[in-house]
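K.L.:
Got a structure here, written out as structure tokens. Questions coming.
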Amino acid sequence: LARAGVAVTVLPSTDLFLMGRSHDHAVPRGVVPAGPLRAAGVTCSVATNNVLNPFTPYGDANLLRMANLYANVCHVGRPDELAGCLDMITTDAARLMRVPGYGVAVGAPADLVLLDAPTSAAAVAELAQPLWGMKAGRLTFTRPRPTLHRPRPSGAPGP
């Protein structure tokens, strides 16, 4: 596949919903394990192409959630493997789609999303929330971190 330039996109949510529906026991998972393909040099991505339709009647098109689902179903747990899951929804997906100038580099378009995570692996494992995003260098959204409030002592005034 790698020599032929064939790339693979895994659709965990749709594959899980559609595969094995006729089985009443030992239901197959039906999700392609991309790890061996990536190790062999095949460009792989994780995505979703069906949201709230007959093929996948639920979802929110969150690719980080798809990477996390893929990691769970395919038993991906080592930090380097989890980081690879993030690659499959970012850099590897961009390579698959032949997106020019993708990545963080001088002169590249500033299309960025900042995730609230210390590492790529943590972003996938913890479903890190986005803090802000940019398109072409323009801030398009912000999402502040949640504020935790200490419980009030019993009988104390307050909302």
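Laboratory data are not the source of any read-out in this text; all were calculated from the coordinates shown. Model, not experiment: these values are computed from the prediction. Because the Cβ atoms are built from the backbone with ideal geometry, glycine has one as well, and the counts that use them run over all protein chains shown.
K.L.:
Within region 43-118, list the trypsin sites (Lys or Arg not before Pro) lying in a DSSP loop whose Cβ has at most 16 other Cβ atoms in a 10 Å radius. Spell out each step's value before the answer.
P.N.:
On the way: sites: Arg65, Arg95, Arg98; in loops: Arg98.
In loop regions of region 43-118 (DSSP not H, G, I, E or B), the sparsely surrounded trypsin sites (Lys or Arg not before Pro) are Arg98.
K.L.:
Using C-alpha positions alone, give me the convex hull volume of region 8-142 per residue in cubic angstrom.
P.N.:
For region 8-142, the hull spanned by Cα atoms encloses 129 Å³ per residue.
K.L.:
Next up: Which FRET efficiency value, to the nearest 0.05, is calculated for Arg145 and Asn72 with the Förster distance at 35 angstrom and r the Cβ-Cβ distance?
P.N.:
0.90
K.L.:
Arg29 to Val113: FRET efficiency via 1/(1 + (r/R0)^6), r the Cβ-Cβ distance, R0 35 Å, to the nearest 0.05? All intermediate terms of the calculation are to be shown ahead of the outcome.
P.N.:
Numbers: r = 29 Å, r/R0 = 0.83.
Calculated value: 0.75.
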